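I have placed the structure first, in the form of structure tokens, so that the comments after it can refer back to it.
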Amino acid sequence: MPSSPLLVMMVLTILPPLLVLLFCNAAAVSSQLAWTQIYVGSNSQVDLWTQESQGCRCNHDLLRQDCACCVPQGGCQCGALALNRCAQCGLEQHCTNMCNVTIKADTLLARSNSTFGQIKSPALSGPNHCWYTLDPGYDRRVELQVYRLVNAGHFNGSSCVSGYLELLDSFGQGSGPRICGQNERLAPPVVMFADRESAVLNFRIEEATSRSQFLAYFSFTSLTNVHGLAFRPKGGRRIEHTVCDWLYQDFSCNKDSCTLASPGFPGIYGTNLYCKYHITTSSVHTKVRLQFLTLSLPLNHCGSHYISVYQGPTSNSPLLTTICDKSKKDHTFPGPNVLLEFRAGATIPPYDYSGFVATIEFIDDANTQSTSTVATLEVSPYPAVAVQRNLRNDQSCEMTYKSADVKSGHFDLRGMQHWKTNCSIRFEGREPEIVHISLFNYVLKASSCQSFIEVYDGPNISSKDKTKRLCSPVENHARDTNGMFRERQMFVSSGNHMTLLVHRFMANNQDEETEYLDGAYSFFNVLERGTLQPDTLCDVNYNGRSSSSRGKLKHPGTEQIFWNVEGQLRCSQNLIPATNQSISIKIISLNKMSSNLCYTECGDGGCRCVKNATSVVDQLYVISTNDDILSCICGDFQAEWLPVTVKSWSPIKLVYSVSKYSWANKGFEYSAEYSFKDDMVCGYRVINQHTGILESPIMIRESPLNFYYHQDCTWLLDSNVERHLTIEIGSSQSRPCSAWNISIHEYSERSDDKAGSILYTFCSREKNSTNTLPWQTNIVVIKLRAMTQTPPQYYIKWRSDVDRARLSGSTAHTAAASAGSPKLANNWAILLFTIIFLYVKQMKNS
């Protein structure tokens with residue numbers, strides 16, 4: 001662009017003979033508004049590219065001298081169609097009808113040595129429309145300055161109707177700024193920017209008009225422009241496949257602040273926008289400072305043009321503040337997630353607002369310990385014993401976290417002072433506790449393992465207890481480049497102690513903060529909270545013989561070790577009864593889960609969650625070892641349905657499922673109880689009697705409402721004789737098969753319970769059934785399955801009938817086979833050999 005005086009020349013054509021020239025300094029109009037200053041010639045010009053309407057040789061006919069005289073830099077004659085006019089070189093073919101035009105920056109630059117120009121639409125009779133494609137090429141953005149609108153629709157108080165002028169970027173329709181007006185002379189101009197490759201300017205008239213027209217200037221503004229017109233968000237990343245969503249992360253901004261802005265800044269923003277700016281931190285102690293440098297939204301329209309800030313990743317998170325109008329001030333928010341939502345309704349006249357610009361500063365406040373974290377720090381003048389180097393001038397630190405002080409919290413070495421090389425972090429639990437550690441962020445920059453982090457399963461730093469070593473150079477952040485939390489790096493002790501050792505190589509007195517470690521810990525009482533399963537965050541087992549016979553269950557997710565969990569959270573508590581034991585789970589209280597996608601129904605077969613198969617909602621449910629859902633609660637259930645109890649004689653799980661968990665917006669709360677009891681009602685039994693009877697035990701219903709019996713009983717009938725096995729099953733009840741049933745199975749070594757293919761299934765509505773199994777079916781498996789409020793009543797009789805005809809036939813056949821067998825022939829040979837031996841001996845003696 002030519003380095004001319006900083007002026008904007010706006011040519012407002014009202015009637016052909018009347019030209020009004022207006023010179024305006026953008027900075028003098030408003031500190032909020034700015035646009036490219038366009039200037040190509042002196043004030044005596046006819047229009048932007050025409051110096052005089054006649055007096056120059058005609059390019060299309062060199063014998064004529066009555067054509068227009070053009071601006072030397074960039075003007076070209078329009079030719080025979082308009083002898084007295086010039087246009088910008090590269091666009092002269094559109095002199096008489098500038099409608100449906102593609103304008104490319106590279107072409108203009110090559111032809112006219114300019115990357116700006118003028119669009120003067122033809123006088124349209126509505127309804128009608130024109131489009132203009134603006135291609136900025138590489139390293140430029142599209143800028144549009146609108147000065148004049150004639151019969152281009154009108155604003156009805158909520159939107160433009162009957163016509164409009166709209167600038168759309170290449171992403172899609174429906175999000176660009178849209179303006180309208182009947183006879184508007186716009187000073188200052190309405191400025192629009194598009195930042196995604198090419199843009200389309202639509203001029204649409206949807207009503208009958210005699211003359212509809214607009215006048216605008218365009219500029220393909222360089223992204224290196226120093227006057228703020230090349231503004232781009234700093235430090236953030238546009239989220240793909242979205243209109244205007246951005247992600248800002250603390251480690252991407254480093255020590256500099258990031259910058260975010262409304263779409264199209266410093267021009268007016270689009271229509272009906274919904275933009276989300278996700279701001280994430282990777283450290284527990286990092287806070288987010290938001291400072292608005294510019295805030296220019298339509299006055300008195302806080303209901304449709306506003307900024308909402310949430311503490312969490314979604315708009316369902318707690319609302320921190322709402323910002324509108326021009327009320328600028330600084331805000332500081334806690335992490336790990338801050339969501340800034342910008343909502344804009346219709347573009348509202350007067351078009352004198354430009355949106356907002358804000359800086360984001362990530363403030364590390366590691367010196368401020370969490371209220372749940374208590375630690376002792378000892379600074380000693382000698383090196384840690386694990387470092388085999390003479391470090392006389394080094395200072396080492398020892399941090400100790402004790403279960404007696406607090407059960408969970410964070411640790412962060414960035415807040416510790418006066419240590420350079422070695423720091424040990426010890427976690428001391430009580431019996432029967434274990435230590436659970438999650439590493440969030442660590443940076444080790446030295447080469448060849450000169451810096452390292454070591455994990456020890458125990459109180460001492462010894463090679464036999466070392467379970468992990470992280471060697472430099474290595475860098476790990478809690479979040480990935482997409483703003484999502486990475487897979488958790490967790491360690492669990494075998495006893496009640498664990499130790500971390502951090503050694504960093506300090507060369508040339510480099511910044512102590514360049515190598516660090518932070519994370520969270522939790523002391524886990526296995527007797528009260530079950531046995532934590534390997535490689536899981538919150539799955540635990542309760543065993544009938546080793547765990548407490550009764551105890552309480554509650555929602556997880558409140559310990560700091562869950563800080564880097566985001567999205568769906570699923571934790572299971574697996575209760576495993578021993579042989580001849582039952583387990584009962586009683587859900588006592590549960591706060592209502594806010595979801596209109598699911599509701600709860602309770603009946604004879606348990607409570608069930610009614611929802612779409614693809615919906616992910618908050619749920620609390622009990623499942624069997626086969627993952628069959630025995631009872632489920634979700635949505636806006638009835639509080640009077642509680643308690644819900646499931647009693648089982650086989651392992652069951654209580655599963656806590658949160659659809660959208662975050663540290664700022666934790667999941668729902670519940671309380672429950674469990675109890676193991678010794679009884680022999682159901683289980684796995686092997687029976688060898690040839691004849692017998694099994695009868696349902698007498699069980700007294702323990703609760704009047706929503707108490708369910710889950711039975712999965714197995715009897716293996718084993719006999720060592722060949723027989724006809726006859727099984728009779730009966731019941732005095734008349735219940736559906738889904739409530740309970742008894743099935744007879746072939747014996748199979750392939751399954752754990754030895755139950756193979758089903759031979760027969762009995763339902764109580766049959767009342768009685770007798771089945772004689774095939775000959776030589778000596779082993780069968782009988783299974784009872786029940787999930788019901790009423791205990792099953794049944795009897796199972798069996799007898800073994802020997803078929804003597806089959807048995808005698810089998811014996812005769814066996815004898816005949818033995819007569820001709822090699823074994824019998826061998827007996828005769830031995831007898832003959834003995835006789836000969838005795839005869840020879842007798843002859844010798846005589």
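The values are calculated or read from the model by the stated rules, or taken from the named source; none is laboratory data. Source: prediction; values computed, not measured. For neighbour counting, all protein chains shown are included, and Cβ atoms are generated from backbone atoms with ideal geometry for every residue, glycine included. The area values use the complete protein model at the heavy-atom level, side chains included, leaving out ligands, DNA and RNA. Shrake-Rupley method; radii C 1.70, N 1.55, O 1.52, S 1.80 Å.
General observations
- All positions within region 762-779 that are surrounded by 14 or more Cβ atoms within 10 Å (Cβ to Cβ) and of a type in the set (Ser, Thr, Tyr): 764, 769, 777
- When 734, 751, 738, 696 are checked against the criterion of being among the polar types (S, T, N, Q) and closer than 26 Å to residue 549 by Cβ, 696 stands alone in meeting it.
- Candidates 516, 542 - the one that is surrounded by fewer than 22 Cβ atoms within 10 Å (Cβ to Cβ) and either of a type in the set (Asp, Glu) or in contact with a strand residue (DSSP E or B) (Cβ under 7 Å, 6 or more places away or on another chain) (or both): 516
- Members of region 399-433 that are within 31 Å of the chain's Cα centre (by Cα), touching a residue at least 60 places away in the same chain (Cβ under 8 Å) and open to solvent by 20 Å² or more (accessible area, probe 1.4 Å): 407, 414
- From 436, 477, residue being farther than 23 Å from residue 530 by Cα and either touching a helix residue (DSSP H, G or I) at 6+ places or on another chain (Cβ under 7 Å) or surrounded by 13 or more Cβ atoms within 10 Å (Cβ to Cβ) (or both): 477
- Residues in region 629-641 that are within 25 Å of the chain's Cα centre (by Cα), small (Gly, Ala, Ser) and open to solvent by 10 Å² or more (accessible area, probe 1.4 Å): none.
- Scan region 158-170 for residues that are part of a loop (DSSP other than H, G, I, E, B) and either among the β-branched types (Val, Ile, Thr) or without any contact (Cβ under 8 Å) to a residue 60 or more places away in the chain (or both) and the total you get is 2.
- Looking across region 282-330, the residues that are of a type in the set (A, V, I, L, M, F, W, C) and either farther than 30 Å from residue 157 by Cα or touching a Pro at 6+ places or on another chain (Cβ under 7 Å) (or both) come down to 284, 288, 290, 320.
- Qualifying residue in region 221-240 (condition: more than 21 Å from residue 266 (Cβ to Cβ), at pLDDT below 90 and part of a strand (DSSP E or B)): yes
- Just one of the numbered conditions (1) more than 20 Å from residue 310 (Cα to Cα); (2) crowded, with 22+ Cβ neighbours inside 10 Å; (3) out of contact with any Ser or Thr (no Cβ under 8 Å at 6 or more places or on another chain) is not true of residue 269: (3).
- Residues of region 643-676 that are outside any strand (DSSP E or B), open to solvent by less than 10 Å² (accessible area, probe 1.4 Å) and touching a helix residue (DSSP H, G or I) at 6+ places or on another chain (Cβ under 9 Å): none at all.
- Against the test of being assigned to a strand (DSSP E or B) and more than 25 Å from residue 630 (Cα to Cα), the options 782, 744, 758, 729 yield a single qualifying residue, 729.
- The residue that is farthest from residue 249 (Cα to Cα), counting only those in region 451-485 that are among the polar types (S, T, N, Q) and touching a residue at least 12 places away in the same chain (Cβ under 8 Å), is 460.
- Taken as a whole, the structure leaves residue 721 outside the set of residues that are surrounded by fewer than 16 Cβ atoms within 10 Å (Cβ to Cβ) and part of a strand (DSSP E or B).
- Tally of residues being assigned to a strand (DSSP E or B) and either within 17 Å of residue 347 (Cα to Cα) or out of contact with any Asp or Glu (no Cβ under 9 Å at 6 or more places or on another chain) (or both) across region 175-213: 23
- The set of residues from region 486-500 being open to solvent by 70 Å² or more (accessible area, probe 1.4 Å) and more than 28 Å from the chain's Cα centre (by Cα) comprises just one member, 494.
- Verdict on residue 623 being touching a Pro at 6+ places or on another chain (Cβ under 8 Å) and not in a loop (DSSP other than H, G, I, E, B): no
- Matching entry among 524, 485, 505 (being touching a Gly at 6+ places or on another chain (Cβ under 9 Å), at pLDDT below 90 and of a type in the set (Phe, Trp, Tyr)): 485
- When each of 731, 659, 696, 719 is tested for being of a type in the set (S, T, N, Q), within 28 Å of residue 593 (Cβ to Cβ) and touching a residue at least 24 places away in the same chain (Cβ under 8 Å), the lone residue that passes is 659.
- Residue 558 meets the stated requirement of being surrounded by fewer than 17 Cβ atoms within 10 Å (Cβ to Cβ), closer than 25 Å to residue 313 by Cβ and in contact (Cβ under 8 Å) with a residue 40 or more places away in the chain.
- Scanning region 458-474 for residues being in contact with a His (Cβ under 8 Å, 6 or more places away or on another chain) and either of a type in the set (Phe, Trp, Tyr) or open to solvent by 40 Å² or more (accessible area, probe 1.4 Å) (or both) gives a total of 1.
- Number of the exception - residue 483 against (1) open to solvent by less than 30 Å² (accessible area, probe 1.4 Å); (2) part of a strand (DSSP E or B): (2)
- Listed by position, the strands (runs of 3 or more DSSP E) enclosed by region 38-157 that each have at least 3 residues that are open to solvent by less than 20 Å² (accessible area, probe 1.4 Å), within 20 Å of residue 215 (Cβ to Cβ) and not hydrophobic (A, V, I, L, M, F, W, C) are 140-152.
- Of the listed requirements (1) at pLDDT below 90; (2) open to solvent by 80 Å² or more (accessible area, probe 1.4 Å); (3) closer than 30 Å to residue 309 by Cα, residue 626 misses just one: (3).
- Scanning region 761-779 for residues that are at pLDDT below 90 and outside any strand (DSSP E or B) yields 773, 774, 775, 776, 777, 778.
- Checked against the criterion of being hydroxyl-bearing (Ser, Thr, Tyr) and open to solvent by 30 Å² or more (accessible area, probe 1.4 Å), region 278-301 contains not a single residue that satisfies it.
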